[in-house]
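Presented below is the structure to which this report refers.
The values are calculated or read from the model by the stated rules, or taken from the named source; none is laboratory data. Not measured: the values here are computed from a predicted model. Don't worry about glycine lacking a Cβ; one is built from the backbone with ideal geometry, like all the others, and counts go over all protein chains shown. We work out accessible area using only protein heavy atoms, side chains counted, and drop any ligands, DNA or RNA first. Shrake-Rupley method; radii C 1.70, N 1.55, O 1.52, S 1.80 Å.
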Amino acid sequence: MKPLVHAVVGCGRVAPNHVDGFTALPDAELRWACDRDLSRARALAREYGLPRVTSDVREVLADPVVDSVSVAVDHAGHHELVAAALTAGKHVLVEKPLAITVEEGAALTSLAERAGRVLSVVSQHRYDPVVTAVRDWIADGLLGRLVSGTVSLQCGRDDAYYAESYWRGTFAGEGGSALVNQGYHALDVTRWLTGGLTVVGAAAGHTAPRGDMETEDTLAAVLRGPQGALVTYQVTVASSITWRTRIELVGTGGSVLFDLDHPGTLHLAEGGDALRAAASAVRGQVSPPPAGIGYYGISHRRQIADFAAAVRDPRHTMAADGTAGLETLRLLGEMYRAARSEDGAAAPSGAAAGTAPVTAAVTASVDAVTARG
């Protein structure tokens, strides 16, 4: 079988997870490290043995040997690079979010379909053993009917994290901050587990800005599941704790409490005998150490294996394809617009629910809800 030849575009914080995931595949070959800063591309290639480096993505996309690319650059760069890669006939694994705006995201999913190429948005925690187990328990009725949930993420980002970055903490480059960046995975996993979420209300805060960040450092929302379950959600980057997630789902037949840290931990599973027995099996699993930053976890490997399977077999359905990424992007946009409306501001002119630019919504939300100080 011909090896899957892959390139990494963007050699920053998460790039080692992509390298690790493709290295773990028995039939894959890493060929390129590409970054606008050539020294970073060289450093990644040197550490992991990638044979080619460049600062020009056109070299990567013109290489006929390359089958697929990881896009791990600033949020604002996703649309252009993903579109260029798909147009060049490459399969694409892009870090979250799919794009800055829903319109851009929808254009990318349509382009992937027309090109007959796999497009996947990194949602590695959908592949965590605890998360997949909880999804099975919900499907099997072990929690009964979901009635409520509580989702929280607190993390600490210092001044340097924003001040030393050309894009983080900016509307143009990041499209928001606490929600679209750090809070993305907890929201995405919860949306996946509940079968979808709509927004009841939200508020954003600019309470303890770091490094002259323009964007929100805290956001809270109330969401509703398709069967009526109410979910409270909150995220902040202004904590003294480096990283801690908690997701609690309460059903008429059982309750679970778990996190997306590493290793992912099932803190509570109370209900019937079947749920308790299933929980015991999950608690006995041991996760290997992650390749990169600890709270990124190990599940990039599982998503990359799923991505490779979809590339090999067009009939294979991924747990985190481009459409899934687009739906989470829609939810993000709705939450930002609700946060903006919380202070009485109107929605962007002519914007339909779920389609307005995330950036515009965040800008209005932060400016309207809190004065910068």
Single match in Thr194, Thr245 (criterion: polar (S, T, N, Q) and within 26 Å of Asp159 (Cβ to Cβ))
Thr245
So Ser148, is it open to solvent by 30 Å² or more (accessible area, probe 1.4 Å), free of Cβ contacts under 8 Å to residues at least 40 places away in the same chain, closer than 22 Å to Glu334 by Cβ and not in a loop (DSSP other than H, G, I, E, B):
no
Of the residues that make up segment 206-221, is at least one open to solvent by 40 Å² or more (accessible area, probe 1.4 Å), in a strand (DSSP E or B) and not hydroxyl-bearing (Ser, Thr, Tyr)?
yes
Note on Asn17: of the conditions (1) open to solvent by 60 Å² or more (accessible area, probe 1.4 Å); (2) under 26 Å from His79 (Cβ atoms); (3) under 25 Å from the mean Cα position of the chain (by Cα); (4) not aliphatic (A, V, I, L, M), unmet is (1)
Those residues of segment 289-323 which are closer than 15 Å to Tyr127 by Cβ, of a type in the set (Val, Ile, Thr) and surrounded by fewer than 19 Cβ atoms within 10 Å (Cβ to Cβ) amount to Thr317
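Hey, among the residues in segment 122-133 that are in contact (Cβ under 8 Å) with a residue 24 or more places away in the chain and not in a loop (DSSP other than H, G, I, E, B), which one's surrounded by the fewest Cβ atoms within 10 Å (Cβ to Cβ)? Lay out the reasoning, then the answer.
In the first step, residues of segment 122-133 are kept if they are in contact (Cβ under 8 Å) with a residue 24 or more places away in the chain; the result is 122-131, 133.
Keeping just the survivors that are not in a loop (DSSP other than H, G, I, E, B) gives 124-127, 129-131, 133.
On the way: Gln124: 26, His125: 29, Arg126: 22, Tyr127: 20, Pro129: 18, Val130: 25, Val131: 25, Ala133: 21.
Ranking the candidates gives Pro129 first.
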(1) free of Cβ contacts under 8 Å to residues at least 24 places away in the same chain; (2) out of contact with any Lys or Arg (no Cβ under 7 Å at 6 or more places or on another chain); (3) not aromatic (Phe, Trp, Tyr) all hold for Leu119 apart from (1)
Please verify whether segment 129-147 includes one or more residues that are in contact with a Phe, Trp or Tyr (Cβ under 9 Å, 6 or more places away or on another chain) and among the polar types (S, T, N, Q).
no
